[in-house]
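Some notes on the structure that comes next.
The values are calculated or read from the model by the stated rules, or taken from the named source; none is laboratory data. Because the structure is predicted, anything quoted here is derived from the model rather than measured. Here Cβ is always computed from backbone atoms with ideal geometry, including for glycine, and neighbour counts include all displayed protein chains.
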Amino acid sequence: MSFYFDVIKTQGNARAGVLHTLHGAIETPVFAPVGTQATVKTVPPRDLEDMGARLVLANTYHLHLRPGDELVRDLGGLHRFMAWPHPVLTDSGGFQVFSLAQISRIDDDGVTFRSHIDGSLHRLTPESSMQIQENLGADIIMCFDQCANPTDRAILETSVARTNAWAVRCREAHPDDTQQALFGIVQGGIYEDLRGQSAAFLQTLDFPGYAIGGLAVGETKEQMCRTLDFTLPILPDDKPRYLMGVGEPDDLAQAILRGVDIFDCVMPTRVARHGAALTPDGRINMRNLQHARDENPVDETCDCYCCRRFTRAYIRHLLKAEEILGYYLLSVHNIRFLIKHVQAMRAAIVGGDLSEYVNAFLQRYLQLA
Ligand SMILES: [Zn+2]
């Protein structure tokens, strides 16, 4: 079997594992940088490898519209197209359709929408999402789901029912996980009974992994933690669990503590382009005047190229001058910061001192007294 998951060590609910795919093994917990347009913005694959990145997410919606998934298929699939030989995950396109596109019709069969690029009309269904993701060729692909406001119960009830029905059609369209493993997505917002219905139904379809969708989209951190508290225990122990779109350092700590294995988030590269750096003492704005003559690295505890070679003063200058090198260096640092953070938690799970690590990290990162 080319896709399988081994749990190596547990501590409380947290797990250290290894996820095996056709394009290599991934140590979990793992943080996946996001390559929306088949590129992690400004960061070449060589640097991602150096930083220890092993899984990259690419967006189905964007690549379907441009350059087109059939073109990517004809050129050998995403790994070859983006020159990334390691594992790739694609989302289903659902999240972007509901957040970016102008929706003209949503019904039980699928969604008709206008492209945010040129206004052209497109239709996405569970079957077409599977076809597009098969063309793109990622190692992990996702069921087409309907994401909804996590606190709007009436809409969530429809979204869970629809996501369940669509999961059946995705499974029928993609019954074999040998080349590409199809994950189900648990919806239900912050409601325990809806998450329960969704998780129980999806498990009847026996997916090789399960994602928790519809979080980090406006609910409070307490609501997210509570939702993880009642959702993770009802997912199978021997399958990987993926928390979609979550990447804040404190959220990673809380979620790993509760048993999540896979994460993705655009945050590290998005905030880098706004001049923000992640540090053990919280997020800092590198454009601030206080860094103008500071010869220290962005983060003295970090081993990335940005922190080994450059001063805060120089990074600030690059950002003020809107030089691309500034966005690149901060993206490298922010991605490495999250990967190192997750690697440290994995080591702590194996070493048996995860809660000490998490408490010390949160104390300092959130500046709690
Ligand atoms: Zn760094």
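Key figures
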quantity: So ASP299, is it more than 13 Å from ARG273 (Cα to Cα) and exposed (fewer than 15 other Cβ atoms within 10 Å of the Cβ); calculated: no
quantity: Unique match (being among the basic types (Lys, Arg) and within 16 Å of the ligand (Cβ to nearest atom)) among ARG346, ARG293, ARG364, ARG283; calculated: ARG283
quantity: Residues within the range 71-85 that are part of a loop (DSSP other than H, G, I, E, B) and more than 22 Å from the chain's Cα centre (by Cα), tallied; calculated: 2
quantity: So ARG312, is it basic (Lys, Arg), exposed (fewer than 14 other Cβ atoms within 10 Å of the Cβ) and within 15 Å of the ligand (Cβ to nearest atom); calculated: no
quantity: Conditions (1) near the ligand (Cβ under 10 Å from one of its atoms); (2) surrounded by fewer than 22 Cβ atoms within 10 Å (Cβ to Cβ): number failed by PHE337; calculated: (2)
quantity: Residues satisfying the stated conditions in the range 39-50, i.e. buried (at least 21 other Cβ atoms within 10 Å of the Cβ) and assigned to a loop (DSSP other than H, G, I, E, B); calculated: VAL40, VAL43
quantity: Check on HIS64, at pLDDT 95 or above, surrounded by 16 or more Cβ atoms within 10 Å (Cβ to Cβ), over 15 Å from the mean Cα position of the chain (by Cα) and not in a loop (DSSP other than H, G, I, E, B); calculated: yes
quantity: Number of the condition not met by THR269 [criteria: (1) in contact with a Ser or Thr (Cβ under 8 Å, 6 or more places away or on another chain); (2) polar (S, T, N, Q); (3) under 24 Å from GLN363 (Cβ atoms)]; calculated: (3)
quantity: Some residue of the range 249-264 being modelled with pLDDT of 95 or more and at positive phi; calculated: yes
quantity: Tally of residues being at negative phi, in a strand (DSSP E or B) and not basic (Lys, Arg) across the range 1-29; calculated: 18
quantity: Long-range neighbours under 6 Å by Cβ, at least six apart or interchain, first residue acidic (Asp, Glu) within the range 25-37, second part of a strand (DSSP E or B); calculated: GLU27/VAL18
quantity: Extreme residue, surrounded by the most Cβ atoms within 10 Å (Cβ to Cβ), among residues of the range 107-123 that are free of Cβ contacts under 8 Å to residues at least 40 places away in the same chain and part of a strand (DSSP E or B); calculated: PHE113
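Per-residue answers, yes or no, for (1) buried (at least 23 other Cβ atoms within 10 Å of the Cβ); (2) farther than 24 Å from ALA32 by Cα:
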{"position": "GLU157", "(1), (2)": "no, yes"}
{"position": "VAL186", "(1), (2)": "yes, no"}
{"position": "GLN197", "(1), (2)": "no, yes"}
{"position": "ASP250", "(1), (2)": "no, no"}
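Every residue, every condition in (1) more than 30 Å from ARG171 (Cβ to Cβ); (2) away from the ligand (no atom under 16 Å from the Cβ); (3) aliphatic (A, V, I, L, M), yes or no:
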{"residue": "ALA200", "(1), (2), (3)": "no, yes, yes"}
{"residue": "ALA216", "(1), (2), (3)": "no, yes, yes"}
{"residue": "PRO240", "(1), (2), (3)": "no, yes, no"}
{"residue": "CYS304", "(1), (2), (3)": "yes, no, no"}
